[in-house]
Amino acid sequence: MALTRTVVVAGAGIGGLTASLALAAVGFRVVVLEKAERLEEAGAGIQLSPNASRILVELGLKDRLAPRAVTPEAVSIVSTRAGGEIARLPLGEAAAFRAGAPYWVIHRADLQAALQAEVNDHPDIELRLGWQFEDVAKHAKGLTVVGRRGTTRQQDLAVALIGADGIWSSVRSLLFPDVAPQFSGLIAWRGTMEAKALPREYTSPRVQLWMGPNAHLVAYPISAGRQINVVAIVPGTWNRPGWSAPGDTNEIKDAFAAARWPATARLLIGAVDGWRKWALFTLPDIGDWHADSVALLGDAAHAMLPFAAQGAGMAIEDAAVLAKALSDSTGENIAGIPAALKRYARMRRARVLRVQRTARQQGRIYHLTGPAAIARDLAIRAMGPQRMLARQDWIYDWRV
């Protein structure tokens, strides 16, 4: 395949690997630069709602993912103020049929391993582990993208460069050097446990959400139901950049030790053997996601709070829209690439901004206290599970 059909993707996370598969599916050769020597995901789960799983299935990943994923039967919403469950939103096979794609919960490592295996099997994708994106130069033939491994540098002639290298993106720092991630004042604690270590009633296939004063807790099964993933969100000042760091078990236990937290929540917190924590950073609206033949994708463009469970979903959607926009730029003509990337950004920005706002709003709702929490619980009960679930249709029913 001609060099002028090459796209370089910086970053081999969920968004970068999905983008490489989507681009290869429409005829591009793809080079993926990843600074890590091997791909390793921290022990944590991820929710793939139908808008995201639909894309992965269309890319041929169903057989790799389905055996490792769990299809939850429901989302159970628990209010610590009310002392119990206030709503149960039905999911399961019926919801998957309605949306035309499954709702999966899965271990991040399983998702990344499936994506990497699919990438490794594709003849038009080259995954270079241990290679850091360093620089890019524009010229009449397209772009020259420079990657570095130690003191060795390699240049690739490409029609486009896609920055899928996360919230601390090196590509974004070249395009928009004044844009910096902003600490949210919240810290996410993540841990897993073996499902067999808990009583059966605590391990049913459902997503559990506990809402409490200034904190909330989410738990769901992963690894084909063998493990339970737990995420606790609490305020704090620790704001070290990065994906995760070791967390003090006693610190998170103390945060949930108050009597106002249900015994089930405290049991889950206590059953996790080892905790990892990461400071939640977001990005302001950067306006443009591209410059000429360089564009951003996923957290590099729009890092958001995880309270809509759509961070990975938006990156996966980005990948599909990006490939669709670039697929019109065929043959040896590269003149249409900047316009295609502009079109991609325009197609994505409004939806992503709405999801970002929804995530922020839901975080505030989860953490309400006093009379506001009472009003929240009454509103959820009055709305009922079907209307609550229907409020997610605009997210789940999206298609490229």
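Where a number appears in this text, it was derived from the coordinates with a stated rule and is not lab data. All of these numbers come straight from a predicted model, not from anything done at the bench. Here the Cβ positions follow ideal geometry from the backbone for every residue, glycine too, while neighbour counts run over all protein chains shown.
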Mind checking which lysines have their C-alpha under 26 Å from K35, skipping anything on the same chain fewer than 8 residues away? K138, K277
State, to one decimal in nm, how far the label point of R357 lies from the label point of F183, with both points 7 Å from Cα in the Cβ direction. 2.8
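If you keep only loop residues by DSSP, which trypsin sites (Lys or Arg not before Pro) in the stretch 332-400 have at most 13 other Cβ atoms within 10 Å of their Cβ? Could you put the intermediate results ahead of the total?
Working: sites: K342, R343, R346, R348, R349, R351, R354, R357, R360, R364, R376, R381, R387, R391, R399; in loops: R391, R399.
Sparse-neighbourhood loop trypsin sites (Lys or Arg not before Pro): R391, R399.
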What list of ³J(HN,Hα) values in whole Hz, one per residue of the stretch 230-235 in order, does the Karplus curve 6.51 cos²θ - 1.76 cosθ + 1.60 (θ = phi - 60°) give from phi, with Gly and Pro shown as x? 10, 10, 10, 10, 9, x
Rank Q155, V145, A52 by how far each Cα sits towards the positive end of the charge dipole of the chain (+1 on Lys, Arg Cβ; -1 on Asp, Glu Cβ) and give me just the farthest. A52
Distant-in-sequence amide H partners of Q227 (H built 1.01 Å from N, under 5 Å): A195, I222
Report, in debye and to the nearest 20, how large the dipole of the stretch 159-290 comes out about its Cα centre when Lys and Arg carry +1 and Asp and Glu carry -1 on their Cβ. 520
Amide H neighbours of A303 at under 5 Å, excluding residues fewer than 5 places away on the same chain, with H built from the backbone geometry, are L283
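To the nearest 20 Debye, how big is the dipole of the chain about its Cα centre, given +1 on the beta carbon of each Lys and Arg and -1 on that of each Asp and Glu? Kindly include the intermediate steps, with their values, before the conclusion.
Values: 46 positive and 36 negative charges, 185 e Å.
Once rounded to the nearest 20, the dipole reads 880 debye.
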Treating only Lys and Arg (+1) and Asp and Glu (-1) as charged, each at its beta carbon, one finds that the stretch 330-382 has a dipole about its Cα centre, in Debye to the nearest 20, of 160
Length gain on complete extension for the stretch V26 to R88, per 0.36 nm per residue less the alpha carbon to alpha carbon distance? 18.2 nm
Roughly how many whole Å is it from the C-alpha centroid of the stretch 139-155 to that of the stretch 50-110? 41
Straight-distance crosslink candidates among aspartates and glutamates, where the alpha carbon sits under 18 Å from K253 and sequence neighbours closer than 8 are dropped: D273
Pull up all non-local amide H partners of V78: gap of 5 or more, or a different chain, and H-to-H distance under 5 Å with H placed in the peptide plane. I86, L209, W210, M211
Check cross-link reach from K141 to the lysines: straight Cα distance under 21 Å, and skip same-chain residues fewer than eight apart. K342
Any idea which of N120, W131, L89 is furthest toward the positive side of the dipole for the stretch 70-162, if Lys and Arg beta-carbons carry +1 and Asp and Glu beta-carbons -1? W131
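For A258 and T144, calculate 0.36 nm times their separation in residues minus their Cα-Cα distance, and state this gained length in nm to one decimal.
On the way: separation 114, 0.36 × 114 = 41.04 nm, distance 5.74 nm.
Using 0.36 nm per residue and subtracting the Cα-Cα distance, I get 35.3 nm.
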Using θ = phi - 60° and the Karplus form 6.51 cos²θ - 1.76 cosθ + 1.60, what ³J(HN,Hα) does each residue of the stretch 68-82 get, whole Hz, x for Gly and Pro? 9, 8, 10, 9, x, 6, 6, 10, 9, 9, 10, 9, 5, 5, 7
Cα lying deepest toward the dipole's positive end in the stretch 248-400, options L353, A303, V272, charges on Cβ: L353
Which of the GluC sites (Glu not before Pro) across the stretch 249-348 are loop residues per DSSP, with 12 or fewer other Cβ within 10 Å? E332
Under the Karplus relation 6.51 cos²θ - 1.76 cosθ + 1.60, θ = phi - 60°, what is the ordered set of whole-Hz ³J(HN,Hα) values for the stretch 179-187, x standing for Gly and Pro? 8, 10, x, 10, 6, 7, x, 10, 10
